[in-house]
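Quick note: the coordinates plus some simple rules give every number you see, no bench work behind them. It should be emphasised that the depicted structure is a prediction, and the values quoted were computed from it without experimental measurement. Cβ atoms come from the backbone with ideal geometry, glycine included; neighbour counts cover every protein chain shown.
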Amino acid sequence: MQYIVFLLLSAIIATAQIVIASDQLGEPLSISPVALPIKYDNVIETVTIDNESYQVPEPWAGNRQFPLYRNFDELLPIPKKYTYQESEIYILAEAYPSLVRMLDQAHLDGIDLKVESAYRSIHYQTRIFVRMLKQGRTFDDIIRYVAPPGYSQHMLGTAMDFYPSNWEFAETEQYRWLQENGQRFGFEETYARNNRFRMPWEAWHWNYIGEPHFSDETVVQETEVKETGTGQPDAPDESLAEGPAVKAETIISN
Ligand SMILES: [Zn+2]
């Protein structure tokens, strides 16, 4: 019986070797599988900018964001009284009511919290790279400061940078206020000190992850938001129509 099994196994191995031998045109068959010089594409992340392909290294690798695109009608402009130099800055309609509530509360508490940047399209992010590459900087140098296209939370429309979006922010009363209050409005400091993404600390960068539940107070505030007018009447209606259950399902986790 054992002999028959041996013969069968030998036949199977012999058949396999014939296939391998004919495929590899005389390459030795003694290479152990672990030593095979194969690189699997599914573990190498690349981005293509101006027809040039670049490998995305850590800590960006593994942190690609989805979805890659937002339609303009999914976005709302943040009230200019809350943006740095009254610039026109957009955020995902779903995050808008919570953001305005949070900024209103900060204002009431005497905290001058201004958004310096929020939604940035993947095209915008790509243009940054094109410009910097043309200036002679290398891809590896640029990604020390700028997320590769497809890797920025700003593309989701849920993330924002508060002013000043640099290291000074960690020393401000605005940052202390956000640390105490941001979470109850559904905002998270994504790249906190020693964050799970192994990214450098960015005290100024906060992302909307959704509120745990709606209170009566929230409904009142959302009505006020609608009355302030945004020039895009459809989107606020959609966000008002969303109940807590829908909201929970559409939370973007990072
Ligand atoms: Zn940011």
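Just to confirm the filter: which GluC sites (Glu not before Pro) across the range 66-139 are DSSP coil and have at most 16 other Cβ within 10 angstrom of their Cβ?
Details: sites: 74, 86, 88, 94, 116; in loops: 88, 94.
Of the GluC sites (Glu not before Pro), the ones in loops of the range 66-139 whose Cβ has at most 16 other Cβ atoms within 10 Å are 88.
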Query - Rough spin-label spacing in nm, given labels placed 7 Å along Cα→Cβ, for residue 52 and residue 167 - result: 2.9 nm
Query raised in the report: Is the range 110-213 best put as rounded, prolate or oblate by its Cα gyration tensor, with a ≥ b ≥ c the root eigenvalues, rounded for a/c under 1.5, and otherwise prolate when a/b is larger than b/c, oblate when not?
Result: prolate
Report summary line: Under the Karplus relation with 6.51, -1.76 and 1.60 and θ = phi - 60°, whole-Hz ³J(HN,Hα) for the range 78-95, x at Gly and Pro, equal 6, x, 5, 5, 10, 10, 5, 6, 6, 6, 8, 10, 10, 9, 4, 3, 5, 8
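Using the count of nearby Cβ atoms within 10 Å as a rough guide to exposure, how do 120, 131 rank from fewest to most?
Details: 120 21, 131 11.
In order of increasing Cβ crowding within 10 Å: 131, 120.
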Report summary line: For residue 89, other-chain or 5+-apart residues with amide H closer than 5 Å (H placed, Pro excluded) are 78
**Report entry** residue 44-residue 64 pseudo-label distance in nm [points 7 Å out on the Cα-to-Cβ vector]
**Finding:** 1.4 nm
